[in-house]
1. Could you tell me how many of the residues in region 275-288 are surrounded by fewer than 18 Cβ atoms within 10 Å (Cβ to Cβ) and in a loop (DSSP other than H, G, I, E, B)?
2. Do we have any residue at all in region 88-98 that's over 19 Å from the mean Cα position of the chain (by Cα) and at pLDDT 95 or above?
3. Among the residues of region 322-346, how many are surrounded by 11 or more Cβ atoms within 10 Å (Cβ to Cβ) and farther than 22 Å from T107 by Cα?
4. Go through region 67-84 and give me each residue that's of a type in the set (S, T, N, Q) and either in contact with an Asp or Glu (Cβ under 9 Å, 6 or more places away or on another chain) or on the phi > 0 side of the Ramachandran plot (or both).
5. Kindly indicate whether G70 is among the small types (G, A, S) and either under 22 Å from V300 (Cβ atoms) or at pLDDT below 95 (or both).
6. Residues of region 219-254 being hydroxyl-bearing (S, T, Y) and crowded, with 23+ Cβ neighbours inside 10 Å, which ones?
7. Among the residues of region 311-321, is there at least one that is over 39 Å from the mean Cα position of the chain (by Cα), free of Cβ contacts under 8 Å to residues at least 60 places away in the same chain, assigned by TED's automatic domain parsing to the domain that holds T103 and surrounded by fewer than 24 Cβ atoms within 10 Å (Cβ to Cβ)?
8. Only residues in region 160-176 that are over 13 Å from T206 (Cα atoms) count as the first member; pair them with residues that are of a type in the set (F, W, Y), Cβ under 7 angstrom, at least 6 apart or cross-chain, and list the lot.
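The values are calculated or read from the model by the stated rules, or taken from the named source; none is laboratory data. Keep in mind that this is a model prediction, so the values were computed, not measured. Note: ideal-geometry Cβ built from the backbone for every residue, glycine included; neighbour counts use all protein chains shown.
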Amino acid sequence: MQPSDKALVPFVSVDNMMRLVHHIGVEQMITQIAAQIEADFKRWESFDKTPRIPAHSPHGVIELMPTSDGEAYGFKYVNGHPKNTSEGLQTVTAFGLLADVYTGYPTLLTEMTMLTALRTAATSALVGRYLAPKNARTMAMIGNGAQSEFQCLAFKAMCGIDTVRLYDIDPNATSKCAANLQGKGLTVIPCKTPEDAIEGAQIITTCTADKKYATILTDNMVGPGVHINAIGGDCPGKTELHRDILLRSDIFVEYPEQTRIEGEIQALDADHPVTEMWQVITGAAKGRIDERQITLFDSVGFAIEDFSALRFVKQAIEGTTFFEPLDMLADPDDPRDLFGMLMRAG
């Protein structure tokens, strides 16, 4: 018995996602995902919004990230297990789904380990366009794990960065990142300390994975006029910045109800003022207003960004071979006769 068209859901495997990225180009795909995120942030109020739903354990966290704009529904399954690297496994893995709100039928299933790295970089660089100092050319990349190359290329493509200064507590991670960025149009400078890495940098990106309160940047390391892109903190009890840096910065967030639980601002009072990025993007709030201002994007990742990335992929694979039809939904001729469909398959 052959499945009907309604039973088949486009599925993008890791292999097909990589083929799609190579077809479009890494920097081009990041830029195009960023454009989709920007468009969706401009209609922020049309989305259902909820903090992601976590299941914490001593080993890490597993989360669901749902949202809907009333026409499409999307969610991402994602984990965060910092100990995985020592076991030869990814810290973060993910998959995602889009569905039609009218029927409830899924319309896309895709890997999102690769796609999350792309959309995180796209979000960072999009925010950098609004908050980073004008004519910024040098970025410090502190934490040289799986995200680092994506971040560097995103800021190159979208913000004009031409030099990256790399630091990681593990020199092998820095060597890996530097090797991967060779020939990508960036001047790459490996550094032995975080203080060395931030020397002359107008943008500082922190992306470390330890699930603990940490002080990757201390107050004396951050001078006036920089933009800090803090993307490592993403769950309760996990931070990267000294509290005094937060008190000197103008703080921008995705969704305050989630960020106050998971972001750098969990170290501050619950009523500490923050600005939502969608308001900056729509012009309802100000971003960078002077040259000496320290701007801080306290990024934890939000479901609308994943929704944007899923929508981008759904459109990008149309008419291509970068997916396979997955027989995922039972679709009997008579919707009341699911048992009959089962018996006829015997």
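1. Let us first name the residues in region 275-288 that are surrounded by fewer than 18 Cβ atoms within 10 Å (Cβ to Cβ), namely 279, 282-286.
Now narrow it down to the ones that are in a loop (DSSP other than H, G, I, E, B): 283-286.
Matching residues across region 275-288 total 4.
2. No: zero hits.
3. We begin by selecting, within region 322-346, every residue surrounded by 11 or more Cβ atoms within 10 Å (Cβ to Cβ); these are 322-332, 337-338, 340-342, 344.
If we keep only those that are farther than 22 Å from T107 by Cα as well, we get 337, 340-342, 344.
Number of matching residues: 5.
4. First pass over region 67-84, keeping only residues of a type in the set (S, T, N, Q): 67-68, 79, 84.
Across region 67-84, the qualifying residues are T67, S68, N79.
5. On the way: among the small types (G, A, S): yes; either under 22 Å from V300 (Cβ atoms) or at pLDDT below 95 (or both): no.
Taking the combined requirement at face value, the residue does not satisfy it.
6. Looking only at region 219-254, we keep the residues that are hydroxyl-bearing (S, T, Y), and these are 239, 249.
T239, the sole residue that qualifies.
7. Let us first name the residues in region 311-321 that are over 39 Å from the mean Cα position of the chain (by Cα), namely none.
For region 311-321, residues over 39 Å from the mean Cα position of the chain (by Cα), free of Cβ contacts under 8 Å to residues at least 60 places away in the same chain, assigned by TED's automatic domain parsing to the domain that holds T103 and surrounded by fewer than 24 Cβ atoms within 10 Å (Cβ to Cβ): absent.
8. Between residues of region 160-176 that are over 13 Å from T206 (Cα atoms) and residues that are of a type in the set (F, W, Y), the close pairs are I161/F155; T174/Y167.
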